[in-house]
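Have a look at the structure below before the remarks.
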Amino acid sequence: MLSGSWRWSARSSVWLLASLTAGLVLCTAVVLAGDWRARAAGPGAAGPVLERHGLVVRLPSGAEVLAPGERLLYRDADGSVAASVAGAALLASGACPDVPGSSRGFVGVVRGDHEELVRAWSRGLAAAVGSAPARSDVDAPAGRRTDLAVEVRLDAPCQPPRVHASLLTRSGVTVVLVRDVGAAGAIDDATAELLLASTGFR
């Protein structure tokens, strides 16, 4: 009887251990899936949402969405407007106390031909920072994406060492993300990628 009782207890323990292990694996999978969905949804659940031209972009916490009538622009070498966006969202607004309206970047939504937009923003960035951007075309799951990287050559308060721009076009609508790189308060590469990945049509 003692031996039979021991065998039953051992068998019960094995089944109990297997059940607990399966439960732990299931809980871990649920937590990881929730974390993945949170990351895929965008950079920070507390951030605002930018919606323009039917496209929705989830923004990092602290971003400030401007009114639709407010316009950000870059001028080219001869002073004419090269590229602009209305109703953008500022990233790390007020980053430079010496420059009113400063930020560490912005994201906006515009309409237009992808190649024409890339050329326009390249001209604007070149005039703004004093050097020509290096272009790279990036594989995008849906749409077309071009990145521009430029070294900052002009001396001004709170200037970053580099500026990056990403233009992601889907169905004739383009998300433009311009951000400082290598400066305090600027969003990092991972946050920038999450922001771009969060874009979708409502």
Meets criteria (more than 16 Å from the chain's Cα centre (by Cα), assigned to a strand (DSSP E or B) and surrounded by fewer than 18 Cβ atoms within 10 Å (Cβ to Cβ)) for residue 131: no
Tabulated pairs, the stretch 126-154, first over 15 Å from residue 179 (Cβ atoms), second surrounded by 13 or more Cβ atoms within 10 Å (Cβ to Cβ) and polar (S, T, N, Q), C-beta under 6 angstrom, 6+ apart or interchain: 137/146; 143/169; 144/169; 153/131
The stretch 135-157, subset in contact with a Leu (Cβ under 8 Å, 6 or more places away or on another chain) and open to solvent by 60 Å² or more (accessible area, probe 1.4 Å), residue farthest from residue 184 (Cα to Cα): 144
Cross-chain or 6+ apart pairs with Cβ under 7 Å, the stretch 60-79 first and free of Cβ contacts under 8 Å to residues at least 60 places away in the same chain and under 26 Å from residue 119 (Cβ atoms), then part of a loop (DSSP other than H, G, I, E, B) and not basic (Lys, Arg): 66/87; 66/88; 68/87; 70/87; 72/88
Check on residue 79, open to solvent by 30 Å² or more (accessible area, probe 1.4 Å) and farther than 18 Å from residue 167 by Cβ: yes
Selection from the stretch 191-202 of residues that are touching a residue at least 24 places away in the same chain (Cβ under 8 Å), open to solvent by 60 Å² or more (accessible area, probe 1.4 Å) and not in a strand (DSSP E or B): 197, 202
Count - residues of the stretch 82-105 that are touching a helix residue (DSSP H, G or I) at 6+ places or on another chain (Cβ under 9 Å) and either free of Cβ contacts under 8 Å to residues at least 12 places away in the same chain or open to solvent by 30 Å² or more (accessible area, probe 1.4 Å) (or both): 1
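Could you tell me whether residue 117 is open to solvent by less than 70 Å² (accessible area, probe 1.4 Å) and without any contact (Cβ under 8 Å) to a residue 60 or more places away in the chain?
Numbers: open to solvent by less than 70 Å² (accessible area, probe 1.4 Å): yes; without any contact (Cβ under 8 Å) to a residue 60 or more places away in the chain: yes.
For residue 117, the condition - open to solvent by less than 70 Å² (accessible area, probe 1.4 Å) and without any contact (Cβ under 8 Å) to a residue 60 or more places away in the chain - is met.
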Test: residue in the stretch 61-69 that is of a type in the set (D, E, K, R) and over 23 Å from residue 188 (Cα atoms): no
Residue match in the stretch 158-181 (condition: open to solvent by 30 Å² or more (accessible area, probe 1.4 Å) and of a type in the set (A, V, I, L, M, F, W, C)): yes
Qualifying positions in the stretch 103-128 - within 22 Å of residue 191 (Cβ to Cβ), in a loop (DSSP other than H, G, I, E, B) and not basic (Lys, Arg): 103
Any chance residue 73 is open to solvent by 40 Å² or more (accessible area, probe 1.4 Å), under 19 Å from residue 162 (Cα atoms) and either assigned to a strand (DSSP E or B) or modelled with pLDDT under 95 (or both): yes
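The values are calculated or read from the model by the stated rules, or taken from the named source; none is laboratory data. None of these values were measured; they are calculated from a predicted model. Glycine also receives a Cβ, built like all others from the backbone with ideal geometry; neighbour counts cover every protein chain displayed. Ligands, DNA and RNA are stripped out before the accessible areas are found, and what is left, the full protein with its side chains, is counted by its heavy atoms. Shrake-Rupley method; radii C 1.70, N 1.55, O 1.52, S 1.80 Å.
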